[in-house]
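**Student:** Dropping a structure here in structure tokens format, bear with me for questions.
Bear in mind that the values in this text are calculations on the coordinates, not laboratory data. Because the structure is predicted, anything quoted here is derived from the model rather than measured. Counting neighbours? That spans all protein chains shown, and the Cβs are built from the backbone with ideal geometry, glycine included.
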Amino acid sequence: MLATGEKKRGTKLFRLIVIALMFMAITLVYVWFRISITKIDYRIAEEMHRGDSLLEENRKLKVETATLKSPHRIESIARTKLGMCYPERDQVIFLK
């Protein structure tokens with residue numbers, strides 16, 4: 001049979017092991033959370049960069065659209081490539 005002193009020492013050792021295991025588990029959970037947060041931060045940074053790129057592309061496309069819709073450009077193409085010209089007065093028909 002174990003003596004009272006040995007029982008106390010065994011109980012203290014058991015408590016110390018349980019406390020150490022709990023500390024290690026808490027530390028592992030903390031590290032796992034920090035790694036998860038870091039991954040999320042990287043994903044947020046990537047998406048923000050992607051958003052900036054899309055905004056820049058959108059701006060360029062708006063400029064290109066405005067350039068392509070320019071009346072001067074359309075008139076120039078109509079005259080040079082299509083051989084069009086303004087109609088004479090008698091070619092214009094007004095509808096009511």
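**Student:** Taking the stated definitions as given, is ASP90 acidic (Asp, Glu), part of a helix (DSSP H, G or I), on the phi < 0 side of the Ramachandran plot and surrounded by fewer than 10 Cβ atoms within 10 Å (Cβ to Cβ)?
**Tutor:** It is true that ASP90 is acidic (Asp, Glu), part of a helix (DSSP H, G or I), on the phi < 0 side of the Ramachandran plot and surrounded by fewer than 10 Cβ atoms within 10 Å (Cβ to Cβ).
**Student:** Here's another thing I want to ask about it. Just one of MET84, MET24 is surrounded by 10 or more Cβ atoms within 10 Å (Cβ to Cβ) and not in a helix (DSSP H, G or I); which is it?
**Tutor:** MET84
**Student:** For the stretch 1-21, enumerate the residues that are of a type in the set (Val, Ile, Thr) and surrounded by 10 or more Cβ atoms within 10 Å (Cβ to Cβ).
**Tutor:** THR11, ILE17, VAL18, ILE19
**Student:** Give the residue, chosen from ARG73, ARG59, ARG79, ARG15, that is among the basic types (Lys, Arg), within 33 Å of the chain's Cα centre (by Cα) and part of a helix (DSSP H, G or I).
**Tutor:** Just a single option satisfies the conditions, and that option is ARG59.
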